[in-house]
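Everything below concerns the one structure shown next.
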Amino acid sequence: MNPAPNLVLIGPTGAGKTSLGRRAAERFGLAFVDLDQAIAERAGASVKAIFEHAGEAGFRQHESAALRDALAGDGQLVSTGAGAILDAGNRALMRERAFVVHLQVGVEAQIDRLARCANRPLLQQPDRDPVLREMARVRNPLYAETADLALPTDGLAPAEATARLIRLLARHWQRCESPA
């Protein structure tokens, strides 16, 4: 068992962090935090608008602040954006304040899952394959470095992936309170 006060889901776009996160949070009695939604609420603007006005660097600043707020308490399940692990401070905070699960997905499955998705600023390209492959090249080692546990989601329906996630968490994670 690896005790931690919170859970964090990391992984590429389309891995299932939000859909699995909602279900797992309910199962374990945790507050669910979709980090992109929290960023938009804090900023009073959509993620797309933040990217347009502040660029990726500005968005990443919002992301780090929202992550710090989300992990300040106990009993949270935080679904991060795919790029949250790019910041070393974010990675350290996740490891310190949470049990981190890497939801893995291959580029081919991402392309299928994101075929009709138009709200991902970094994927607004006619050919997403090279963009997703470059993201995987840069980010996969960071996901692996940060995670306590990995779950491949390729070929799994959301219900099946959620069931596997819950079984793995029941075996490997124990919720604990932060020291006062």
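Label separation (Q61 vs V138): 1.9 nm, computed from points 7 Å beyond Cα along the C-beta direction. Loop-resident GluC sites (Glu not before Pro) (DSSP state other than H, G, I, E or B) in region 129-180 with no more than 12 further Cβ atoms inside 10 Å of their Cβ: E177. In this simple spin-label approximation, A49 and R175 carry label points 7 Å from Cα along the Cα→Cβ vector, and these lie 3.4 nm apart. FRET efficiency for the R68 to D154 pair, using the beta carbon distance and R₀ = 41 Å, is estimated at 0.80. Calculated from DSSP H runs of 4 or more alone, at -39500 (n - 2.57) each and per residue, what is the 222 nm mean residue ellipticity of the chain, nearest 500? The helix contribution divided over the chain gives -17500 deg cm²/dmol. Stretched out straight at 0.36 nm per residue, the stretch from R164 to A88 would grow longer than its current Cα-Cα span by 24.5 nm. Working note: Cα atoms of the chain, range along each principal axis, descending, whole Å: 46, 35, 26. Summing charges over neighbours of E63, with a neighbour being any other residue whose Cβ is under 9 Å away from its Cβ, gives -1 when K and R count +1 and D and E count -1.
Bear in mind these aren't lab numbers, they're just calculated from the coordinates by the rules spelled out. Keep in mind the model is a prediction, meaning the values are calculated, not measured. Counting neighbours? That spans all protein chains shown, and the Cβs are built from the backbone with ideal geometry, glycine included.
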